[in-house]
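Here is the structure we will look at.
Where a number appears in this text, it was derived from the coordinates with a stated rule and is not lab data. Bear in mind the structure is a predicted one, so any value in this text is a computation, not a measurement. Note that each Cβ is placed from the backbone with ideal geometry, even for glycine, and that neighbours are counted across all protein chains shown.
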Amino acid sequence: MPSTDIRRENIFIASDDLADVDHFFPHTRKPHSVDDVIDGVWNLVLACQTCNRGAKGKFSQLPELTFLERLHRRNNFLINSHHPLRETLIQQTGVNELARRQSLQTMYHWFKELFVRNWKPEYEHEPAF
C-alpha cells in the first residue's frame, strides 16, 4: 500500500520519497508456528519502493541483523511514548524490554533457518530508529 505523504526520515529501510508498508519478517515465508503473529503491527515497517520491490529489493528476504535492532528500538519508542499502538505492541511483543528483545531474537532465529543469506539495501539515509 503506497503512500505519498511520508517524510524521508521516517522510512525504516532506505531512502525514496515514496514508501510501502512492508513486513520486516516476510509473511510469504513464515514458519507455521508464527501464523497468527506475523501480520501484527510490531512487524510492519515503512520501506522505500526501490528496497521493497525494486530490482535488488527485499521481497521475501530477511533483513540483516542490524535492522532487527532498529525494529526493536522503533517498537520500544512507540511503547514508551504512549503511542496509541502501545497496548497492541505490548500484547504482540511482550510486557517489558527484555521480553520484547527475546521475542524478536527468537523470531529472527526461526526465519534465519529459512534463509541462506540476509538482505541489505544498497543505500541508506541516517536512520530515525
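Points worth noting:
- Least to most buried among R117, R100, R70, R53 (fewest other Cβ within 10 Å first): R117, R53, R70, R100
- 3J(HN,Hα) from dihedral phi, the stretch 44-54, Karplus parametrisation 6.51/-1.76/1.60, rounded to Hz, x for glycine, proline: 9, 9, 8, 9, 5, 4, 5, 6, 7, 9, x
- Table column - 3J(HN,Hα) (Hz), the stretch 94-110, Karplus curve with 6.51, -1.76, 1.60, x for Gly and Pro: x, 7, 9, 4, 5, 4, 5, 4, 5, 4, 5, 5, 4, 4, 4, 4, 4
- Loop chymotrypsin sites (Phe, Trp or Tyr not before Pro), the stretch 18-103, which have at most 16 other Cβ atoms in a 10 Å radius of their Cβ (DSSP): F59
- Per-residue HN-Hα couplings for the stretch 76-90 [Karplus 6.51, -1.76, 1.60; θ = phi - 60°; Hz; x = Gly/Pro]: 5, 4, 5, 5, 6, 8, 6, 4, x, 8, 3, 5, 5, 4, 5
- 17 Å reach of a label modelled at H83, 7 Å along Cα-to-Cβ, counting backbone N of the stretch 39-70: 39-48, 67-70
- GluC sites (Glu not before Pro) within the stretch 84-113: DSSP coil, no more than 10 neighbouring Cβ in 10 Å: E113
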